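Encoded as structure tokens, the structure appears first; notes follow it.
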Amino acid sequence: MLQSSWLIPLFPLLSFILLLILRKSKSESTAWIGVLLTGISLVLSVGVWLAVWQGDFIKVEGTWFQIGERAITMGYEVNPLNALMLVIVSLVSFLVHLYSKGYMHGDERFPVFFAYLGLFSFAMLGLVLSPNLLQLYMFWELVGLGSFLLIGFYYFKPEAKAAAKKAFVMTRIGDVGLFIGMVLLFWQVGSFEYDEIFASVKNGDISSGMLTLTALCIFVGAIGKSGQLPLHTWLPDAMEGPTPVSALIHAATMVAAGVYLVAAMYPLFQASETALTVVAVVGGVTAIFAASIGLMQKDIKRVLAYSTVSQLGYMMLALGASGYVAGIFHLTTHAFFKALLFLAAGSVIHAVHTQNIEEMGGLWKKLRVTGPLFLIGALAISGVPLLSGFFSKDEILASTYADGKYGLFWLAVVAAFMTAFYMFRLFFLVFTGKPRGDQSGVHESPGVMTLPMIVLGVLAVVAGYLNTTWFGTFLSDYLARGPVELPHAEHHGPGWIPIVATAASLLGIALAYLIYRRGALSRDWMTRSLPGLSDVIYNKWYVDEGYDATFVKGTKGLSKLGILFDKYVVDGLVAAVVSGVQGLSKIGSRLQNGQVQSYGTFAIFGIVILLLIVALTGGYFS
Amino acid sequence: MSSIPLAAYLMLALILFCIGLFGALTKRNAVIVLISIELMLNAVNINLVAFAKYSINPGLTGQIFSLFTITVAAAEAAVGLAILIALYRNRQTVNVDEMDTMKR
Amino acid sequence: MTGEMIAFFFLALTAIAGGVLLINLTNVVHMVVALIFTFIAIAGIYVTLSAEFVAVVQVLIYSGAITIIMLFGIMLTRHQEKEKKLPRLKVILTGLAIGLFFLIMYGKIKDLDFGQQNAELHIDNTKKIGIELYSHYVIPFELTSVLLLVALIGSIILAKRDDDEKEAKK
Amino acid sequence: MNTYLLSILIFSPLLGVLVLLFTPSHDEKSIKWIGILGTLLPLGTALVTLSAFQMSGEGLQLAEKFQWVSYEVFQSKGDVSYPIFYEVGVNGLSMVLILLTSVVSVLAAIASFSIKKDWKSYFILFFLLEIGMLGVFAAQNLFLFFIFFEITLIPMFFLIGRWGYLEKEKAAYSFLIYNGVGSAILLIAFVTMFMKTGTMNFEQLAYTFSLPQSELNQLNITKNFKMGMLIALLVAFAVKLPVAPLHSWMVRVHVQAPPPIVMIHSGILLKIGAYGLIVFGAGLFPDQFKSLAFVIGLFGVINLLYGAFLAITQRDVKRVLAYSSVSHMGIVLIGLASVNEAGMTGAVFQVVSHGLISALLFFLVGVLYERAGSSNLKDFGGVAKKMPIFAGVMLAGGLASLGLPGMSGFISEFMAFLGLFEKMPVLAAIGTLGLILTAVYVLRAVLAITFGAEKELPNARDLSSTERIPAFILLAAILFIGIYPAWLSDMLRPTLDVILLGLGG
């Protein structure tokens, strides 16, 4: 089973190639090619996962090319961490393929969409299977390409074009960080292999300053991909893509790649206390920052997008606070419930053809399947007990507390409260109350769309039992078999932590209920009481505007300056030389007055000068 | 044996050459310019003849060469004058500084 | 001071005086006449250099033929009697260059002496030249005749009025 | 057969010239076909050469050597004769570049279908240009190198000046003048080296210059002399490459020359600069090259960033690509400056990769210009709707240009930076800013054309089947090198090893 794990990414690649060839086909059954091929990948992934669960690992590598004596290798590796990722990715990918069959119905470029999905799945699976940093980096960029293509799928929309460009460039900034970190590590270790890097970290071959530097550089890559502060702005904009794409890429898989990267390189981070602290702080701040923006957004997908950013912040916080298992655990559960939420949101959008929550309302009765599933997702993400989110979030809080990062702990609690609030604000506004828009012709989505949602709904409920103090810590036992040495045995904070977390989320739900269902509190009480703050939050803390004013304008300004420099200094110098030569030649041509006597005079001058030289130097013969 | 040193002849030739050159470059009348050139040729001839007498390998070569030079000078004078007359017929002038067709 | 020396100085002075007059006279005809003195003086110089034949040729060609041609040339072309002077600056510059040239050459030749003389040059000078011309130098000599012929025809054609021109004038 | 293989290869385009001379000049169709067939001949010969070439073989292969010119010099010791040979040969590096030349030439000839006038003289000049390019890479002595180097200039001048766009004459003159100055410096350097050493052969020169200083003193070669020679060579090739302050001619040429010629120019001619830097700079004066490495690296980073910054706000897609060439040539310099295996390999990879990528992109721009009569970004939008294949290839080319893994651009960027990070990490870190900027300007230009609201194009046809051939071949080559770089790196390694041995790295 494990030997054939290299096949897993190839099936989606095949799907990409086949569908690209069939791109002109009008038949929507082309989707089945994609579904089938990712289905095979899923089956294989599950098989691999089961094998790993039994304790088999594999690492196969071959030389890709050589630089001098150093061989750059390519291959594949299966360990507990990436086997888990394989399953998550191929599962979500498979479900999204299925869902898209319904969602993309009637689109002109139907096969192309599935081709892009295939490309993305290929890249993501390849990323997960990579045994070394370089290969990871390559797939890392290809994943970005897939994301770029899918965000820009509606290429004729200027917003989609801008969003695709922004996503690519912003993640590229992070990628460059990863690139620098990777190359620096290479010159320290002499290899891109994880094993060798970890070995030299362990042996203390790398100075601590260099360790911190490389870890931080690599973390910059994770920041870019996972939409952490300050490179988060592309992720909400990425919602311009079709909704299944948002579920696949911008909720469950690609954005989690940053978390995966930090987890995969965990020994490096562990070796540097500073790096871990930075990870934790960035994660914690992002969690609350994005959650605060989520409170005020009006676009259903944007709310979910900020929620994703916030949840990814949680994962980073966990990893930074030595909660390795907690981070991975949350990654897993989040993949399920966030994908579910996005697919449900897609189903809503599919039904009402708008993304503005102000124009929805009262959809509970019309969307009999979507509604409850959305509720499950919302409950799960809010951390209501017994659903998956509760367990993973609890573990994150516990590990943060145990790591002594109390400030971040309370930030996380507040973020949990906010999460619950905005999720239920969304729920109540969309599904309850009176319809606020035109809802004629609203109907439930077809079976190909609801089926994946149901699967995810089930998983969103049960995934939490992978790792609980009550039934057993399967996940942490499983991950402990991997190459990464788990930090100090899973800490279980004081017993009051779950209670605080539950209280925070219930409080959030209650507040949302009071405001948006009951109307007990005026909806705009916050806007009225704190106009300045709410304005800032509504405008996403003006981060985009800030970037625009500084980096974008700055770059453009520099560019304009460069053009002026090019025009006036570089070309000016050339022009100066040219006019100098022209002036000289003008003088020369004035001497050509056509009079033989003048020419003779010049000739005499020339002879005299030559003779002078000969007379003074003694000439050739003397 | 002559008592006059070689340098004396060479000096005379040099002076005449310089006078001829000056005349050729500064006179405006084309005829005078031609004649100045003849003077320069004459100065050269003096050199040739002088070297025929005062030299390491004495012989008649210098004198014979001066004869050739004189012949060529005569031919040159004839052709030069012919050109001059043709030019005069076209331009009604023999002033050298008005002859600047080379410029165009 | 030998008589030879006296003769040389006299001839040299005449030649230079002729040249200086050429530069300084204003009348064109006078200039040419001044130059006749120079040419004849140069012929004398040739004699002191034991080149009797060349001296005779010099008198014949220069003092005779060329000067006469030049005089004809002057008379055939209308010109201002008074030679107009060129811009002073140009004259000075040219003079300066030539002066410099003179000085350099002077420095180089003033002490030149090979210490040998050809004492037998004057014996049968004309005969020896004749023998040489018809033996060793026969090809250049014949070429000279071609050159003269070409020059003759060339000058005639150049100086001849074009027939078309004549008709046009009529 | 193999004895004269290289000479046959170099002069094989002459056959095309010969046939063209007997073709009536109004017969457009057969001239164009002869043009394509005529470039196929060198390609075929190049492939034969490749098969005769031993991949792992060290040193020169398929060498030919005949005495050509000889002259004696009068010296006090007696007459010394200086023979000049006709000598050609290939090593891994030149083999790669010869292949690149022959492939790009064929594709440019196919792209020349869009040429509108004077096909006959166009293709004759085109063939002469190809002879020059092939010869430059095969030449094994300075004299021959210089002659072929000059042969490329003259046809290029006419090709730009006669078949270009609006300001073609100006572009042609600035091309000629800049390159003329470069050649003059080159000539002076070559002659000086010849004077001092009495040989023009690359290997002998390298051997002579590597002698210990005590022996060099007898030849009157000092350290300063070597440094001076190196700087002269660097300046000469910097004009060709071009390096930042000397780039304006290249931008002008890229904007004004006809697209097939720009394919050749940016695909191959610019690479002569890089080739020269490697063979003459690093190959002949390794110690001095090493001491100048920082300056070269600095110029590389300046080139990279300067080109990128200027490309960001250009309005004409051709100018964007021109500045992107400036920027990408910076990566070549960065690779060279790192003076290690990774960097050197990266530089050569970048040479090949940029050759393919820029050929592809300029080809597409040519197609676009033919359709719309404009290359201003403002005039385009949503081209993907009417021309999906075009848009796809364009996007792929753009992504290759910004260094997407799986395409050749990534390998070269990666290796060049890998090299530089070992020697000058800070400079390299500043240089990585260029990677971000590259993404910005490439996406801006490509997306402005293909994405967005559709704008009216008078003549929007997708790529025709003749146009698809070059586009797909180039794309396939880009992907091939990107996925299987070992093919290229194995071929290059023996050659680069020799150079690196001299550099002591």
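The values are calculated or read from the model by the stated rules, or taken from the named source; none is laboratory data. It should be emphasised that the depicted structure is a prediction, and the values quoted were computed from it without experimental measurement. Ideal geometry is used to build each Cβ from the backbone, glycine not excepted, and the neighbour counts take in all protein chains shown.
Listed by position, the helices (runs of 4 or more DSSP H) enclosed by region D:323-426 that each have at least 1 residues that are in contact (Cβ under 8 Å) with a residue 40 or more places away in the chain and acidic (Asp, Glu) are D:341-372, D:408-423. Among the candidates A:586, A:560, A:553, the residue that is among the basic types (Lys, Arg) and surrounded by 12 or more Cβ atoms within 10 Å (Cβ to Cβ) is uniquely A:560.
Pairs are defined by a Cβ separation below 9 Å, a sequence spacing of at least 6 or placement on different chains, a first member in region A:218-242 that is free of Cβ contacts under 8 Å to residues at least 60 places away in the same chain and farther than 30 Å from residue A:110 by Cβ, and a second member that is among the charged types (D, E, K, R) and in a helix (DSSP H, G or I); the pairs so defined are A:220/A:175; A:224/A:172; A:224/A:175.
One residue stands out among those in region B:27-38 that are in a helix (DSSP H, G or I) and either over 20 Å from residue C:41 (Cα atoms) or touching a strand residue (DSSP E or B) at 6+ places or on another chain (Cβ under 8 Å) (or both): the one that is nearest to the other protein chains (Cβ to nearest Cβ), which is B:31. Within region B:18-37, the set of residues being in contact with a Leu (Cβ under 8 Å, 6 or more places away or on another chain) and under 18 Å from residue B:72 (Cα atoms) comprises B:20, B:31, B:34, B:35, B:36. Can you confirm whether region B:12-26 contains a residue that is surrounded by fewer than 21 Cβ atoms within 10 Å (Cβ to Cβ) and either more than 7 Å from chain C (Cβ to nearest Cβ) or touching a residue at least 60 places away in the same chain (Cβ under 8 Å) (or both)? For region B:12-26, residues surrounded by fewer than 21 Cβ atoms within 10 Å (Cβ to Cβ) and either more than 7 Å from chain C (Cβ to nearest Cβ) or touching a residue at least 60 places away in the same chain (Cβ under 8 Å) (or both): absent. Put simply, of B:49, B:33 the only residue that is over 18 Å from residue C:53 (Cα atoms), surrounded by 21 or more Cβ atoms within 10 Å (Cβ to Cβ) and among the aliphatic types (A, V, I, L, M) is B:33.
Table: residues versus (1) surrounded by fewer than 17 Cβ atoms within 10 Å (Cβ to Cβ); (2) part of a helix (DSSP H, G or I); (3) over 17 Å from the mean Cα position of the chain (by Cα); (4) modelled with pLDDT under 85.
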{"position": "C:68", "(1), (2), (3), (4)": "yes, yes, no, no"}
{"position": "C:80", "(1), (2), (3), (4)": "yes, no, yes, yes"}
{"position": "C:95", "(1), (2), (3), (4)": "yes, yes, yes, no"}
{"position": "C:99", "(1), (2), (3), (4)": "yes, yes, yes, no"}
{"position": "C:115", "(1), (2), (3), (4)": "yes, no, yes, yes"}
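You will find that of D:165, D:178, D:173, the residue that is in the same structural domain as residue D:230 (by TED's automatic domain parsing), not β-branched (Val, Ile, Thr) and not in a helix (DSSP H, G or I) is D:165 and no other.
Summed over region A:193-217, the residues that are in contact with a Ser or Thr (Cβ under 8 Å, 6 or more places away or on another chain) and either assigned to a loop (DSSP other than H, G, I, E, B) or of a type in the set (Gly, Ala, Ser) (or both) give a count of 3.
Of the helices (runs of 4 or more DSSP H) contained entirely in region A:341-438, not one carries at least 3 residues that are outside the structural domain of residue A:249 (by the TED database) and in contact with a Pro (Cβ under 6 Å, 6 or more places away or on another chain).
Output the residues belonging to region D:480-494 that are part of a loop (DSSP other than H, G, I, E, B) and either in contact with a helix residue (DSSP H, G or I) (Cβ under 9 Å, 6 or more places away or on another chain) or closer than 15 Å to residue A:134 by Cβ (or both).
Of all residues in region D:480-494, those part of a loop (DSSP other than H, G, I, E, B) come to D:484-485.
Correct list: D:485 only.
Out of the residues in region A:567-598 that are within 10 Å of another protein chain (Cβ to nearest Cβ) and among the hydroxyl-bearing types (Ser, Thr, Tyr), which is farthest from residue B:36 (Cα to Cα)? So the residue we want is A:589.
When residue B:88 is tested against (1) surrounded by 24 or more Cβ atoms within 10 Å (Cβ to Cβ); (2) within 29 Å of residue A:594 (Cβ to Cβ); (3) not basic (Lys, Arg), exactly one condition is not met: (1).
With a cut-off of at least 2 residues that are modelled with pLDDT under 85 and under 28 Å from residue A:306 (Cβ atoms), name the helices (runs of 4 or more DSSP H) lying wholly within region A:504-622.
A:525-529, A:531-538, A:543-547, A:553-564
Flag: residue A:58 does not match the condition of being within 13 Å of another protein chain (Cβ to nearest Cβ), touching a residue at least 40 places away in the same chain (Cβ under 8 Å) and among the β-branched types (Val, Ile, Thr).
Checking each residue of region A:78-89 against the condition of being in a strand (DSSP E or B) and within 30 Å of residue D:348 (Cα to Cα) gives no match. The residue of region B:42-58 that is nearest to the chain's Cα centre (by Cα), among those that are facing chain C (nearest Cβ under 7 Å) and among the polar types (S, T, N, Q), is B:42.
Just a yes or no: is a residue in region B:95-102 within 14 Å of chain A (Cβ to nearest Cβ) and in a loop (DSSP other than H, G, I, E, B)?
So in region B:95-102, the residues within 14 Å of chain A (Cβ to nearest Cβ) come out as B:95-102.
Cutting the leftovers down to in a loop (DSSP other than H, G, I, E, B) gives us B:99-100.
Within region B:95-102 (the criterion being within 14 Å of chain A (Cβ to nearest Cβ) and in a loop (DSSP other than H, G, I, E, B)), the answer is yes, since at least one residue qualifies.
Restricting C:65, C:51 to those that are under 23 Å from residue B:53 (Cβ atoms) and at the interface with another protein chain (Cβ under 7 Å from one of its Cβ atoms) reduces the list to C:51. Only one of the numbered conditions (1) exposed (fewer than 14 other Cβ atoms within 10 Å of the Cβ); (2) more than 22 Å from residue B:63 (Cα to Cα); (3) free of Cβ contacts under 8 Å to residues at least 24 places away in the same chain is violated by residue C:106, and that is (1). Return yes or no: is residue B:72 at negative phi, more than 12 Å from chain A (Cβ to nearest Cβ) and modelled with pLDDT under 85? Against the criterion (at negative phi, more than 12 Å from chain A (Cβ to nearest Cβ) and modelled with pLDDT under 85), residue B:72 does not qualify. Applying the condition of being buried (at least 23 other Cβ atoms within 10 Å of the Cβ) and outside any helix (DSSP H, G or I) to region A:133-174 and asking which residue is farthest from the other protein chains (Cβ to nearest Cβ) yields A:152. Among the residues of region A:218-231, at least one is within 19 Å of residue A:150 (Cα to Cα), part of a helix (DSSP H, G or I), under 12 Å from the mean Cα position of the chain (by Cα) and of a type outside the set (Gly, Ala, Ser).
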